Structure formats: structure tokens, C-alpha cells
1. For a footprinting-style exposure proxy, rank I76, I249 by other Cβ within 10 Å, fewest first.
2. I want to check the label-to-label distance for D241 and Q88. Put each point 7 Å from Cα in the C-beta direction and report it in nm to one decimal.
3. What distance in nm separates the simple spin-label points at L60 and D5, each placed 7 Å from Cα in the Cβ direction?
4. What list of ³J(HN,Hα) couplings, whole Hz, do you get for the stretch 174-190 from phi and the Karplus terms 6.51, -1.76, 1.60, once you set θ to phi - 60° and write x for glycine and proline?
5. Given all pairs of different Cα atoms, what value in angstroms does the Kirkwood hydrodynamic radius of the chain take?
6. What ³J(HN,Hα) values, in whole Hz, does the Karplus curve 6.51 cos²θ - 1.76 cosθ + 1.60 give for the stretch 147-156 when θ = phi - 60°, with x put for Gly and Pro?
7. Nearest 5 percent is fine: what portion of the DSSP beta bridges confined to the chain is antiparallel?
8. If you place +1 on the Cβ of every Lys and Arg, -1 on the Cβ of every Asp and Glu, and leave all else neutral, what size is the dipole of the stretch 104-235 about its Cα centre, to the nearest 20 Debye?
Amino acid sequence: MTMADAGTFDARAAQWQEWWSSLADPARHVLLSLAKVGPGTRLLDVGCGSGELAAMAADLGADVSGVDASDNMVLIAGNTVPRADIRQGSSERLPWPDDSFDVVTAVNSFQFSDDVTVPVTEAVRVLAPGGVLAVCNWAEREHQQVREVDDAVAGLGPERAGPSVRDPDVRSAGVLEELLEGAGLRVTAAGEVPVPYELADERELLQAFAFELPDVLPEHVTDQLVATTVERAAAPYRLDDGSYRFENIFRYVLATAPRRAAGRGAAGRA
Ligand SMILES: C[S@@+](CC[C@H](N)C(=O)[O-])C[C@H]1O[C@@H](n2cnc3c(N)ncnc32)[C@H](O)[C@@H]1O
């Protein structure tokens, strides 16, 4: 989702898994394919959520690890992919030693850091020389149709806080590339992936977007008002059969860590 903060993911981890965890599937397939993940690849998924990318990588034969700040997400991810080493921890201080992985992935997780260069630097630290960092996140607001409904729901709260935009804004074209190049990596692929979001009917619509409901609602916000607000915001995306379809785009970048010069140790890494 787009607006939630890290605490929301912990409090609503099961709801996330049920309604939002599959949205990134098209992007996950692209990353795993471009990173050539296969049997024996040592892969770490940072901000692994409920473990969907980890499960796909495990199915490809990879030796999978995952980390998430949320205890509840870690529990769920452990069930999703029991073979993986899933740990609770921060993207800003990964609980693994240097040079541990061939591939590090991060799908919509780095943007939760105040300074996005910190999780990028950590990812590079745990990447083996020649390894691949694959980062993916939402594109700009105008490419997120679900955002129309998110904003309407979030606006039911006592204060209408503006969306927090970090600097640099990783959603903008070219920013991920600059970040990874700035961390000493060589960009090998970049692009956009459509991630449409489909809901069968109004019941699903209301349940899915309840994820964004503020924790505390003013007294006048009844269930009926919530339903009307969601349905009104989603009306442009309602299809003739009563289902809903929202078009969205993710951006991704893959970049390679430098290979260590012959005869030099870890200290010689760029
Ligand atoms: C939008 S979800 C994405 C989950 C998963 N990567 C996916 O694509 O489905 C964001 C995840 O990042 C986690 N997260 C947020 N801040 C984090 C941090 N500093 N370190 C590790 N995980 C974090 C949240 O707990 C949540 O599970």
C-alpha cells in the first residue's frame, strides 16, 4: 500500500497479507528473473512482509533469507516460506555479516527510512562482490490509481496529514538509479512494471481499503460513512460487472556490486 507507516504493517500484518501482499507479484517475477535467481542463489529480501518474494525465490531453488521490522510480519513470513531464514530486524542494520548474499531484493521497503541511503548502504554491505541489488517501489502518485481511495479513507481521520514525501523521492524516474550508482554499484537494468489491483465486488473493496483506516476515527465517522467514502472514491474504477480494477505502476532497478580486485580483502571494496 502507499500511505501506511511501519507500525501499521505490524498492527495489520494479517490484513496486509490477505488483501495487499499479492499486488507486487508481477514485479517480484521481473526482479527474480532479471537477477537470474536459481538453485543455490543466496538471496535476502529486505522488508520481506508476509514472505511472498521469499517463497517465489525458494521455489526457484534459492537459499532464502528475509528480514522485516515487524514481528507479526516475521511470524507470517515464516509460515509462508518455512525453509527460509526469516529474521526480525531493520533494513538500516541488517543482522548478517558482510558479503553474505548473491542477491538482495527490496520491494517497497527502503522508502520507510528517513534517509534512504542508509538501507541502500546496508544492502551493499551484505552483498558479495559481483552480487545484485534489486530495488522496486511505487512510481509517482499519478501512476497509482489505488491512491485515490487511500487518500479518501485516510482523510476520515481527525487530521488530514499530507502524504510524507522523502527527499529524494524514490518514486520519481531516475532516482533509484542515482541512489544505487551513488552507492558504488553499476546499474544493469531499470524499468516499470504494471501492477494492476483487482477486487471482485464492493465487499472486497471495503475490506481491502480498510487497511488504510486511521486507528482513531472521529465520532461522526460511522461504518456507513466509511463505506460511502470508499465507494465514491472507487467509483471511477468500477467495471460493468461490479468488480473494480485500479492501474498502478512500480519502478525497479537492478545493479551489480563491484568485483573485488584479485588479492585484496573486504577492506578493498569500493
Ligand atoms: C509495503 S510492505 C512491503 C512488503 C513486501 N516487500 C512486499 O513487497 O509485499 C513494507 C514492509 O516493510 C517493512 N518495513 C518498514 N520499515 C522497515 C525497516 N526499517 N526495516 C525492515 N522492514 C521494514 C514493513 O514492516 C512491511 O512489512
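Computed from the coordinates by the stated procedures, all read-outs in this text should not be read as laboratory data. Keep in mind the model is a prediction, meaning the values are calculated, not measured. Here the Cβ positions follow ideal geometry from the backbone for every residue, glycine too, while neighbour counts run over all protein chains shown.
1. I249, I76
2. Label at D241, label at Q88, 4.3 nm between them.
3. Result for the modelled spin labels: 3.4 nm.
4. x, 6, 4, 4, 4, 4, 6, 5, x, 8, x, 9, 10, 5, 10, 7, 7
5. Value: 19.3 Å, from the Cα pair sum.
6. Per-residue couplings from phi come out as 4, 4, 7, 3, 5, 5, 5, 4, x, 6 Hz.
7. Counting DSSP beta bridges with both partners in the chain, the antiparallel share is about 50 percent.
8. For the stretch 104-235, the charge dipole is close to 420 debye.
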